Amino acid sequence: MGHRLTRIYTRTGDTGTTGLGDGSRIDKDAPRVAAYGELDELNSHLGLVLAHGLPDEVRDCLIEVQHRLFDLGGDLCIPGRASLEQSHVEGLERWLDYFNERLPPLKDFILPGGGPSAAHCQVARTVCRRAERTLTTLARAEPVAPVALAWVNRLSDLLFVLARILAQGGETLWQPGRPPILPPR
């Protein structure tokens with residue numbers, strides 16, 4: 001590992017800029033910083049999911065995802081670096097297939113919920129989708145490895161399937177056009 005953090009505050013960001021891994025400085029609200037900031041937020045939400053009692057295979061999968069999120073954040077922090085490969089996308093697809101085989105077919109949309117771990121996983125999924133949108137914005141302005149976009153897209157699918165696994169049948173199906181429920185008189 002390169003640098004160890006011996007002092008957390010540096011004062012170098014007090015004027016609204018931050019340092020990238022290549023030594024350059026950019027605005028803290030630049031699309032690149034926004035993209036890796038949202039990946040960091042996603043990783044923190046996955047930490048919340050992991051704080052619950054989870055099946056071992058879900059825990060193993062999410063810890064692997066957290067490591068890859070750090071890799072991708074590092075890639076964004078060092079322009080030109082690309083550590084994710086097609087095999088990482090394929091790995092997510094294998095996890096998706098593994099977990100999806102254990103679920104009943106989905107015929108309707110489901111409402112987020114299904115218990116604390118499932119609900120946290122749904123929040124992580126929506127943060128992942130936001131990170132994907134921000135990464136797409138960045139890719140329009142600067143080079144971003146296409147595999148990174150594919151990996152984040154697949155990750156949001158995986159988080160949806162994991163939320164279903166964690167709901168353990170406690171899913172609420174969306175009822176379009178449902179009449180309102182009114183309080184008792």
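Charges only on Cβ, +1 for Lys and Arg, -1 for Asp and Glu: so what's the dipole of the range 99-140 about the Cα centre, in debye to the nearest 20? Write down the numbers at each step before the final one.
Values: 7 positive and 3 negative charges, 40 e Å.
For the range 99-140, the charge dipole is close to 200 debye.
May I ask for the angle, rounded to the nearest 10°, between helix 116-141 and the longest principal axis of the chain, with both axes built from Cα atoms and the value confined to 0 to 90°?
Once rounded, the angle reads 40 degrees.
If one takes the longest principal axis of the Cα atoms in the chain, at what angle in degrees, from 0 to 90 and to the nearest 10, does the Cα axis of helix 56-77 lie?
Long axis of 56-77 versus the principal axis of the chain: about 30 degrees.
Starting from the Cα gyration tensor of the range 31-91, take the square roots of the eigenvalues, sort them a ≥ b ≥ c, and report rounded, prolate or oblate (rounded when a/c is under 1.5, otherwise prolate if a/b is larger than b/c, else oblate). Walk me through the intermediate numbers first.
Working: a/c = 3.63, a/b = 1.51, b/c = 2.40.
Here the range 31-91 falls in the oblate category.
Based on Cβ point charges of +1 for Lys and Arg and -1 for Asp and Glu, what charge dipole magnitude is obtained for the chain about its Cα centre, in debye rounded to the nearest 20? Could the numbers behind the result be given before it?
Details: 21 positive and 23 negative charges, 125 e Å.
It works out to roughly 600 debye.
Rounding to the nearest 10 and keeping the result within 0 to 90°, find how far the Cα-based axis of helix 146-167 lies from the longest principal axis of the chain.
The two axes meet at around 30 degrees.
Report the Cα-based extents of the chain along its three principal axes, largest first, to the nearest Å.
60, 45, 35
May I ask you to give the percent of accessible area on the range 31-185 that is carbon plus sulfur, with a probe radius of 1.4 Å?
Numbers: 4790 of 8540 Å².
Ligands and nucleic acids excluded, carbon and sulfur reach 56 percent.
Work through the residues other than Val144 whose Cβ is under 12 Å from its Cβ and net out their charges, Lys, Arg +1 and Asp, Glu -1. Please list the in-between numbers first.
Details: positive: Arg32, Arg81, Arg140; negative: Asp75, Glu132, Glu142.
That works out to 0.
For the range 126-185 and the range 30-100, what is the centre-to-centre distance using only Cα atoms, to the nearest Å?
Comparing the Cα centres of the range 126-185 and the range 30-100, I get a distance of 14 Å.
Taking amide H positions as placed 1.01 Å from N in the peptide plane, with prolines and chain starts having none, which residues 5 or more places from Ile110, or on another chain, fall under 5 Å of its amide H?
Sorted by chain and number, the residues that satisfy this are Trp174.
Relative contact order for the chain: what percent, with Cα pairs under 8 Å and sequence separation of 6 or more?
On the way: 195 pairs, mean separation 48.6, N = 185.
Once divided by the residue count of the chain, the mean separation gives 26 percent.
At 1.4 Å probe radius, can you tell me the per residue accessible area of the chain in Å²? Walk me through the numbers before you get to the answer.
Working: 11260 Å² over 185 residues.
So the chain comes to 61 Å² accessible per residue, rounded to a whole number.
For the range 81-146, what class follows from the C-alpha gyration tensor (a ≥ b ≥ c being the square roots of its eigenvalues): rounded when a/c is under 1.5, otherwise prolate if a/b is larger than b/c, else oblate? Intermediate results must be reported in sequence, preceding the final value.
On the way: a/c = 2.61, a/b = 1.56, b/c = 1.67.
Verdict is oblate for the range 81-146.
The values are calculated or read from the model by the stated rules, or taken from the named source; none is laboratory data. None of the values given here were measured: they were computed from a predicted structure. No Cβ is skipped: glycine too gets one built from the backbone with ideal geometry, and neighbour counts run over all protein chains shown. Remember, those area values only see protein heavy atoms, side chains included, never the ligands or the DNA or RNA. Shrake-Rupley method; radii C 1.70, N 1.55, O 1.52, S 1.80 Å.
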